[in-house]
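What follows is a short report on a single structure.
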Amino acid sequence: MALVAPQTSPAVQRIAFVGPSGSAMRQWRELLFADVITRGHRVLAVAPEFASVDLASLDEIGAEHALMAPESHGPKLFADWKAIGALKATLAEWAPHVVVAFGGQMMVHGALAAKGIGAGRIVVVVDGLPEHRFAGALAADEMPAWRYGQALRAAHQAVFHNRDDLALLKKLGLVPASLPTIVVPGSGVDLERNASLPLPPLDHGLVFLMIGGLDRRRGVMEYCAAAAKLRERSPTSRFLLAVTRDEGAQAIDIAELQRSPDVEFLGLAEEEGELLTEAHVFVYPGYAEGMPQPILRALAAGRPVLVADAAGCREAVDTRVNGCLVEPRNPGALADAMESFLRRPDLIPAMARASRAKAERFESVAGVRGKLLQILQLV
């Protein structure tokens, strides 16, 4: 009888993650880093900046880090190639088997640098497209479409956070026909850590809540403007706002939010579950994102969601079943949509149940993690 050779785990792999910030790396830490390191592999996080809390988070699980400040002087194309050259030197020294690149410009730089050093496997993660989505003039900090094409041509696999972004890049002819692609809902939904929460009483006025980054594209200023419009119509309503650490390219001065008389500014969102406990409706008018995690957490908590009709965000809403969509960058439309909940608060409990059911249909964190491990060829 022939003997069956025992299965052995793959050899130790060195996997470098190239992204825009230390705070973004901490999200990957929760999703994937710890699992990869537990399996005996090494992880390097490369970003232009790390806060002390980011470094502590990486050190805690044994992940390594490297600082790669992008070159900002001189003509744009020349500065890009200098940044890519510096990143190539960083990666070449560490000699990764796999490079995962994400986060707009850093995704492009990481993919091209990885190709330049001959990395065995390159994975790009398209976690959001520019605000204008390549139609008309782009904002100063937004990349043209052809730069995404550069990254996709350098990659062996591409991960998208929503179907709309993949469809658009395919329509523009930027996704090579031979490139394997997969769509996952961001980091997925964690139903165990984000339990369904009972609604607060409805007889003391409605409580709206927004949790988002300080980047203007997250819709924070639109939320503040909508709250100001509604304050006169519903003086008993409350409008809560908490922010996350990711400031983004179009950062808002936090003092600007503290001065808003119509919004209760709660500062940094540490325990989102506690904040959601107080709220009846979750509001997220952000755009230019792949799949905002705050929306998924609100769905899991069982909160009606009011979000921008934008790629990624719209996938969270069945209109008038668990929430509604509003035109991006339109505070008036946002105020009208919020007022619709004031007119029919009796619909909120049913919409809350529908949101939880919607969350249960999204892919879980464990499911997304499993797919990423397969893409990295670690299982």
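The values are calculated or read from the model by the stated rules, or taken from the named source; none is laboratory data. Bear in mind that the values here come from a model prediction, so they are computed numbers and not experimental data. Methodologically, a virtual Cβ is constructed for each residue, glycine included, from the backbone with ideal geometry; neighbour enumeration extends over all protein chains shown. Side chains are part of the model used for accessible areas, which takes the heavy atoms of the whole protein and leaves out ligands, DNA and RNA. Shrake-Rupley method; radii C 1.70, N 1.55, O 1.52, S 1.80 Å.
Filter the range 280-300 down to residues that are assigned to a helix (DSSP H, G or I) and over 17 Å from L206 (Cα atoms) and give me whichever is nearest to the chain's Cα centre (by Cα).
Step one: filter the range 280-300 for residues assigned to a helix (DSSP H, G or I), giving 293-300.
From the residues that got through so far, the ones that are over 17 Å from L206 (Cα atoms) too are 293-297, 299-300.
On the way: Q293: 6, P294: 9, I295: 10, L296: 11, R297: 12, L299: 15, A300: 16 Å.
Only one residue tops the list, namely Q293.
With respect to being within 25 Å of L373 (Cα to Cα), surrounded by fewer than 18 Cβ atoms within 10 Å (Cβ to Cβ) and either modelled with pLDDT of 95 or more or not small (G, A, S) (or both), R39 fits the description. Within the set I252, I182, the sole residue that is of a type in the set (A, V, I, L, M, F, W, C) and open to solvent by less than 20 Å² (accessible area, probe 1.4 Å) turns out to be I252.
Which members of the range 197-218 meet the condition of being modelled with pLDDT of 95 or more and crowded, with 16+ Cβ neighbours inside 10 Å? Passing the criteria: L197, L199, L206, V207, F208, L209, M210, I211. The test for being more than 19 Å from S355 (Cβ to Cβ), within 24 Å of the chain's Cα centre (by Cα) and of a type in the set (D, E, K, R) does not hold for E315. Screening R369, R303, R329 for residues that are touching a helix residue (DSSP H, G or I) at 6+ places or on another chain (Cβ under 8 Å), touching a residue at least 24 places away in the same chain (Cβ under 8 Å) and part of a helix (DSSP H, G or I) leaves exactly one candidate, R369.
Can you pull out the residues in the range 309-358 that are among the polar types (S, T, N, Q) and at pLDDT 95 or above? Selection gives N322, N330, S340, S355. Here A135 meets the list (1) among the aliphatic types (A, V, I, L, M); (2) at pLDDT below 95; (3) buried (at least 22 other Cβ atoms within 10 Å of the Cβ) almost entirely, failing just condition (3). Taken over the range 268-279, residues that are of a type outside the set (V, I, T) and outside any loop (DSSP other than H, G, I, E, B) amount to 7. Counting the residues of the range 13-36 that are modelled with pLDDT under 95 and open to solvent by 60 Å² or more (accessible area, probe 1.4 Å) gives 2. With the condition kept exactly as written, say whether any residue in the range 271-294 is surrounded by fewer than 15 Cβ atoms within 10 Å (Cβ to Cβ) and free of Cβ contacts under 8 Å to residues at least 60 places away in the same chain. Among the residues of the range 271-294, at least one is surrounded by fewer than 15 Cβ atoms within 10 Å (Cβ to Cβ) and free of Cβ contacts under 8 Å to residues at least 60 places away in the same chain, which makes the answer yes.
Might you let me know whether the range 338-346 holds any residue that is in contact (Cβ under 8 Å) with a residue 40 or more places away in the chain, in a helix (DSSP H, G or I) and touching an Asp or Glu at 6+ places or on another chain (Cβ under 6 Å)? No, because not a single residue in the range 338-346 is in contact (Cβ under 8 Å) with a residue 40 or more places away in the chain, in a helix (DSSP H, G or I) and touching an Asp or Glu at 6+ places or on another chain (Cβ under 6 Å).
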